[in-house]
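To keep things clear, I will list the structure first and then write my remarks on it.
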Amino acid sequence: MKPYSDMTKEELLSLKEQLSAEYDAIKAQGLSLDMSRGKPSAEQLALSMGMMDTLSSSSILKSEDGTDCRSYGALDGISEAKTFMGAMMDAPADQIIVYGTSSLNIMYDTVSRSMTHGVLGSTPWAKLDKVKWLCPVPGYDRHFSITEFFGIELINVPMTPEGPDMDIVEKLVSEDDAIKGIWCVPMYSNPQGVVYSDETVKRFAALKPAAADFRIYWDNAYCVHHLYFDDKPVLLDILSECEKAGNPDMVYKFGSTSKVTFPGAGIAAMAASKANIAEIKKQLSMQTICHDKLNQLRHVRFFKDLDGLMAHMKKHADIVRPKFEAVLDVLEKELGGLGIGSWIAPKGGYFISFDSMPDCAKAIVAKTKEAGVIMTGAGATFPYKKDPKDSNIRIAPTFPSSEDLSKAAAIFVLSVKLVSIDKILESK
């Protein structure tokens, strides 16, 4: 079929009538499908059920250094958990703090501490007239929500196939000392699935920020979530690159097993320079005595090491990969060549990023909802939920069953077609 923009008004109206009949037939089924968040499916969660059997009342519940995991102690995590998370996150064990279950919680706390107590002796941000933050877009809505919650001014930075537009990043951070941080998802970015290039990582490490307390928030949430293990990318380590560039304190790196084992019951960690770690541990000691060491022990004994983790992730990929490929096949088959949308085929992560014609995303998401499919709200991938082009839509294929995913994809492409036809007809 030729591009919709090349069709006459009569052709478009005829096509709309046909598509509307298809849409109404699906809508009449009364479906209720949820594609709103990147959640593991029940089949994925089942992969980790063996972890529930790793500890019992007869287990030796001491860590390898003798710490009794039933009691207080080990504020920064048991030694084997630090080694394990360090291997996953590409960081030395002595530069790791293992927390509780949520890396998002770590990021929130890190921003909060910076607001109230500053960063390595700097003025607390809450005492400053203005605090600003760089946000690569489209990006992760929960990142943006954290900094928005603290009243920080959010600044859009466009994403490129190599990562954030570093020309803009370099210029802004070097000129404005009110800019205190930037959100980054460097491996399979949310939602586009972009992997930062070596050049991008090196340019991050070599930044010359006007603010001494500027920090890169490096959320490597999908560092082991590959779809194709025989063709997985390698991400340059930002910690060592910052050290080489003379900026060892400029980055905080975050990671967790939330989508590896059980969301809300995994383990999360932070990696940073020794100076940052020392300061954070001192502040953390006022907040808690320790985190759940039994859960840390459970994870380490289940996986044993990085090889065990990667074998586990290949099982995840075998479940998730067909779902991604099914959605991408539907997009190509139904929308390819029509000129009404574009998308990126990721090699990992949890999302597919779709860009509609301008001023159509909200209408498309509303139309899918009307037919029984809930998607992430249009605009969510931008600060303040304001997509200036109203075009980006985040597709989350992992949670639905294959049957439900097929139905949801059919509804989505029909919605894209119908909304796009209406948009084009406005100018005919």
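The values are calculated or read from the model by the stated rules, or taken from the named source; none is laboratory data. Keep in mind that what you see is a predicted model, and the values were worked out from it rather than measured. Cβ sites come from the backbone with ideal geometry, for glycine too, and all protein chains shown count toward neighbours. We work out accessible area using only protein heavy atoms, side chains counted, and drop any ligands, DNA or RNA first. Shrake-Rupley method; radii C 1.70, N 1.55, O 1.52, S 1.80 Å.
Which residues among the stretch 272-311 fall inside the zone where the amide N is under 20 Å from a point 7 Å beyond the Cα of Ser71, along Cα→Cβ?
Inside the label zone: 288-298.
What do you get for GluC sites (Glu not before Pro) in the stretch 347-428 restricted to DSSP loop and a cutoff of at most 11 other Cβ within 10 Å of the site's Cβ?
Within the stretch 347-428, the qualifying GluC sites (Glu not before Pro) (loop, at most 11 other Cβ atoms within 10 Å) are Glu426.
Using every Cα-Cα pair within the chain, state what percent have a distance larger than 27 Å.
Considering the chain, 55 percent of its Cα-Cα pairs are separated by more than 27 Å.
For the pair Asp24 and Ser342, how long in nm is the line joining their label points, each one 7 Å along Cα→Cβ?
About 3.6 nm, to one decimal.
Using θ = phi - 60° and the Karplus relation 6.51 cos²θ - 1.76 cosθ + 1.60, list the HN-Hα couplings for the stretch 160-169 in order, rounded to whole Hz, with x at every Gly or Pro.
My calculation for the stretch 160-169 gives 10, x, 9, x, x, 5, 6, 4, 6, 4 Hz in order.
Of Lys323/Lys386; Lys27/Lys407; Lys367/Lys407, which pairs sit farther than 22 Å apart, going by alpha carbon to alpha carbon?
Lys323/Lys386
Using just the helices of the chain, give the 222 nm mean residue ellipticity in deg cm²/dmol: DSSP H runs with n ≥ 4 each add -39,500 (n - 2.57), and the total is spread over all residues, rounded to 500.
-12500 deg cm²/dmol
Translational diffusion coefficient, Stokes-Einstein: compute it for the stretch 123-192 using the Kirkwood radius over C-alpha pairs as Rh, at 10 °C and 1.306 mPa s, and state it as an integer in µm² s⁻¹.
126 µm²/s
Stretched out fully, how many nm does the piece from Ala126 to Glu43 gain, at 0.36 nm a residue minus the Cα gap?
25.4 nm
Report the full-extension gain for the segment Ala278 to Ser57: residue separation times 0.36 nm, less the Cα-Cα distance, to one decimal in nm.
That pair, Ala278 and Ser57, stretches by 76.0 nm at full extension.
Relative to a virtual label point 7 Å from the Cα of Ala206 in the Cα→beta-carbon direction, which members of the stretch 130-164 show backbone nitrogen distances below 20 Å?
160-164
Provide the FRET efficiency to the nearest 0.05 for the Ser14-Arg321 pair, computing r from the beta carbons and using R0 = 41 Å.
FRET efficiency, Ser14 to Arg321: 0.60.
At 1.4 Å probe size, put Asp165, Asp422 in order of accessible surface, largest to smallest.
Asp422, Asp165
How big is the C-alpha Rg of the stretch 318-413 next to the rule-of-thumb value 2.2 N^0.38 Å, as a ratio?
Against the empirical 2.2 N^0.38 Å value, I get 1.02 for the stretch 318-413.
Which whole-Hz ³J(HN,Hα) couplings does the stretch 202-209 yield from phi under the Karplus relation 6.51 cos²θ - 1.76 cosθ + 1.60, θ = phi - 60°, glycine and proline marked x?
5, 5, 4, 5, 9, 4, 10, x
Could you work out how far the C-alpha centroid of the stretch 103-152 sits from that of the stretch 243-293, in angstrom?
Here the answer is 16 Å between Cα centres.
So which aspartates and glutamates can Lys208 reach, going by Cα to Cα under 15 Å and dropping same-chain residues fewer than 8 places off?
Qualifying aspartates and glutamates at Cα under 15 Å: Asp167, Glu170, Glu175, Asp176, Asp177, Glu241, Glu243, Asp249.
What are the aspartates and glutamates whose alpha-carbon lies under 13 Å from the alpha-carbon of Lys259, with same-chain residues fewer than 8 places away excluded?
Glu43
Quick one: work out Rg over Rh on the C-alpha atoms of the stretch 16-86, Rh as Kirkwood radius.
1.38
Looking at the stretch 12-111, which chymotrypsin sites (Phe, Trp or Tyr not before Pro) are DSSP coil and have at most 13 other C-beta atoms within 10 Å of their C-beta?
The qualifying sites are Tyr72.
Give a residue-ordered list of calculated ³J(HN,Hα) values for the stretch 375-390 (Karplus: 6.51 cos²θ - 1.76 cosθ + 1.60, θ = phi - 60°; whole Hz; x for Gly, Pro).
So the J values, rounded to whole Hz, are 10, 4, x, 4, x, 4, 7, 10, x, 6, 6, 10, 7, x, 9, 6.
What are the trypsin sites (Lys or Arg not before Pro) within the stretch 286-329 that DSSP puts in a loop, where the Cβ has at most 14 other Cβ atoms within 10 Å?
In loop regions of the stretch 286-329 (DSSP not H, G, I, E or B), the sparsely surrounded trypsin sites (Lys or Arg not before Pro) are Lys304.
Extending each Cα 7 Å along its Cβ direction at Thr288 and Glu426, get the distance between those two points in nm, one decimal.
It works out to 4.8 nm between the two label points.
Determine the alpha carbon to alpha carbon distance for each of Lys244/Lys281; Lys16/Lys333; Lys253/Lys282; Lys2/Lys389; Lys9/Lys389; Lys82/Lys253 and list only those over 21 Å.
Violating the 21 Å Cα-Cα cut-off are Lys244/Lys281; Lys2/Lys389; Lys9/Lys389.
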